[in-house]
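The values are calculated or read from the model by the stated rules, or taken from the named source; none is laboratory data. Source: prediction; values computed, not measured. Note that we place each Cβ from the backbone using ideal geometry, even for glycine, and neighbour counts take in every protein chain shown.
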């Protein structure tokens with residue numbers, strides 16, 4: 001029996017599901033990605049805000065109950081003290097994330113990482 005497809009969420013639906021602090025952080029990250037890589041395409045994929053270049057995911061914004069993460073498809077090729085692996089929970093060994101806890105302080109480094117991720121190409125993305 002075929003799996004029933006879930007209705008694709010819109011960006012507004014994602015935003016409306018967040019608490020005010022998460023929503024503010026997510027909006028700031030959206031603007032950061034758009035400013036750093038204006039040619040990227042934003043979409044919702046599996047409940048996350050995903051940014052694509054040349055049809056491939058290169059960065060996405062995910063969230064849990066208490067925080068927001070900026071994930072990098074080729075994060076293992078990037079260098080930053082902000083980047084972390086989810087260990088065995090990570091399905092792709094190349095993905096790294098930065099948990100955004102103080103956007104104002106982390107913004108310059110996050111912006112650099114987004115630009116670097118866009119410049120890397122997609123040898124490591126899925």
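Details
- Checked against (1) over 22 Å from residue 92 (Cα atoms); (2) outside any loop (DSSP other than H, G, I, E, B); (3) at pLDDT 95 or above, residue 51 passes all but a single condition, namely (1).
- Residue, surrounded by the most Cβ atoms within 10 Å (Cβ to Cβ), within the range 86-110, restricted to residues that are part of a loop (DSSP other than H, G, I, E, B) and in contact (Cβ under 8 Å) with a residue 12 or more places away in the chain: 95
- Leading residue by the ranking (surrounded by the fewest Cβ atoms within 10 Å (Cβ to Cβ)) among those in the range 59-68 that are assigned to a strand (DSSP E or B) and modelled with pLDDT under 95: 62
- Tally of residues being in a loop (DSSP other than H, G, I, E, B) and free of Cβ contacts under 8 Å to residues at least 40 places away in the same chain across the range 69-85: 6
- Just one of (1) in contact (Cβ under 8 Å) with a residue 40 or more places away in the chain; (2) buried (at least 21 other Cβ atoms within 10 Å of the Cβ) fails for residue 49. It is (1).
- Meets criteria (surrounded by 12 or more Cβ atoms within 10 Å (Cβ to Cβ) and closer than 16 Å to residue 107 by Cα) for residue 33: yes
- Residue list for the range 33-48, filter: assigned to a helix (DSSP H, G or I) and over 11 Å from the mean Cα position of the chain (by Cα): 34, 35, 36
- Within the range 1-27, if we keep just the residues that are in contact with a strand residue (DSSP E or B) (Cβ under 7 Å, 6 or more places away or on another chain) and loosely packed, with under 12 Cβ neighbours inside 10 Å, the residue that is modelled with the lowest pLDDT turns out to be 8.
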